Amino acid sequence: MSFDLLVKNATLPDGRTGVDIACSNGRITAVEPGIAAEAARVIDAGGRLVSPPFVDSHFHMDATLSLGLPRMNESGTLLEGIALWGELKPLLTVDAVVERALRYCDLAVSQGLLAIRSHVDVCDDALTGVEALLEVRKKVAPYLDLQLVAFPQDGLYRSETAERNLLRALDMGVDVVGGIPHFERTMEDGARSVRALCEIAAELGLMVDLHCDESDDPLSRHIETLACETQRLGLQGRVAGSHLTSMHSMDNYYVSKLLPLIAEAGVHAIANPLINITLQGRHDTYPKRRGQTRVPELRAAGINVAFGHDCVMDPWYSMGSGDMLEVASMGMHVAQMMSRDAMRYAFDCVTVHPAKVLGLAGYGVDVGCNADFVVLQAADTIEAIRLRARRLAVVRRGRVIAESDPAITRLELDGRPDHVDAAAYAPGR
């Protein structure tokens, strides 16, 4: 028997070691120790971690890499970012958005990030971003799954043409219904927008992903409405609430009521650690709230929690590298998830959990799954986060599409070893 690709001596995220992974015709055909067969290409993982690809469940690709256009966000706040994006939108061209988005996709692939859900602003009558990202989705399809969310950045009702443009974007082929209820003029308008958006999704058979309660207001209640509408319309499993930062500030008694409602409705929760820790708590002096939603409590309630990158070098966030391990690390630290089990859970928040949010078919390192995975310079998932592990090989449908040499630093110290490999510092090594 001969395979297209054979990865030898891999460690899997579930802890199995010494595993070989055989791939044929874009699928994983065997996962077991000691596969004796020929292959067009053989990779010796050397006991290192082989993981399913990273997945970003929340991003804004229409704005990415636009840092400094037309000016910098001097305050670093969410509201100045929104205002700055409003200044940039009239200057956008399809070609410029496509060029920046494709450059970001190149970076993403190099990091083993092979699936992204991107919100795209529809509060622009020309729908420049929509047209651009639909073109990008087509171009990157061979190597990256790009899912698009019709996002009325200025508010479904606050922006005069947002609802019409959202429906136009969906007709053009955008995948998911988005919204931003906390940015409407009143709490009532926000709740009304949640109901309307969920009804649109139910009618069209689409998924829903709303920027929900992205504030420090402990009285913001849109996730409650979203859970209710999900139940009413039978949308269980197809709905995500993104950010949910107000939950950080909510009364504990109310949260004890809220979490079972979210779980019962099967609503996914998406935290965005890098942005949430940066943009929230801006009205606090000291102590300052972290702002990230209650990840451990959501987990304990049985709710699927994913982490998103949200932004890279745009009006809201001047940092970012497309590295989902950085996102996992920030989420883990902010939520004080320091047990070994919790750290492994943080890795799941940038792999299997967001894959569930996006509804990715054939995801995983199992027989019958797509032959999509990443070889990491780490012994296990905890070490991968700790080291922001180097991606030694990125595989898409059984073909290596990115690779790099192991990171080894040469030393010149009398009486000491001649090199340091950070991955060799894992426990037991």
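Considering only residues of region 282-322 that are aliphatic (A, V, I, L, M) and either not in a loop (DSSP other than H, G, I, E, B) or not assigned by TED's automatic domain parsing to the domain that holds residue 107 (or both), which is nearest to residue 112 (Cα to Cα)? It comes out as 306. When 400, 420, 375 are checked against the criterion of being crowded, with 18+ Cβ neighbours inside 10 Å, in the same structural domain as residue 22 (by TED's automatic domain parsing) and either without any contact (Cβ under 8 Å) to a residue 24 or more places away in the chain or within 17 Å of residue 41 (Cβ to Cβ) (or both), 375 stands alone in meeting it. The set of residues in region 128-176 being of a type in the set (Val, Ile, Thr) and either more than 18 Å from residue 198 (Cα to Cα) or outside any loop (DSSP other than H, G, I, E, B) (or both) consists of 128, 130, 136, 140, 149, 161, 176.
Residues of region 199-253 that are at positive phi and buried (at least 24 other Cβ atoms within 10 Å of the Cβ): 213, 243, 244.
In region 59-105, which residue that is farther than 20 Å from residue 130 by Cα and of a type in the set (Asp, Glu) is surrounded by the most Cβ atoms within 10 Å (Cβ to Cβ)? It comes out as 80.
Yes/no matrix, rows are residues, columns are (1) surrounded by 21 or more Cβ atoms within 10 Å (Cβ to Cβ); (2) free of Cβ contacts under 8 Å to residues at least 60 places away in the same chain:
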| residue | (1), (2) |
| --- | --- |
| 4 | no, no |
| 13 | no, no |
| 22 | yes, yes |
| 32 | no, yes |
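Criterion applied to 69, 88 was being modelled with pLDDT of 95 or more, in contact with a Leu (Cβ under 7 Å, 6 or more places away or on another chain) and in a helix (DSSP H, G or I), and the one residue passing it is 88.
Cβ-Cβ contacts under 9 Å between residues 6 or more apart (or on different chains), taken from a first residue in region 269-283 that is more than 13 Å from residue 247 (Cα to Cα) to a second residue that is part of a helix (DSSP H, G or I) and among the polar types (S, T, N, Q), are listed as 272/245; 273/329; 279/245. For region 1-20, what are the residues that are assigned to a loop (DSSP other than H, G, I, E, B) and out of contact with any helix residue (DSSP H, G or I) (no Cβ under 6 Å at 6 or more places or on another chain)? Scanning region 1-20 gives 1, 12, 14, 15, 16, 17, 18.
The values are calculated or read from the model by the stated rules, or taken from the named source; none is laboratory data. The shown structure was predicted, so the numbers you read here are calculated from the model rather than taken from an experiment. A quick note on method: Cβ atoms are made from the backbone with ideal geometry, for glycine too, and the neighbour counts reach across all protein chains shown.
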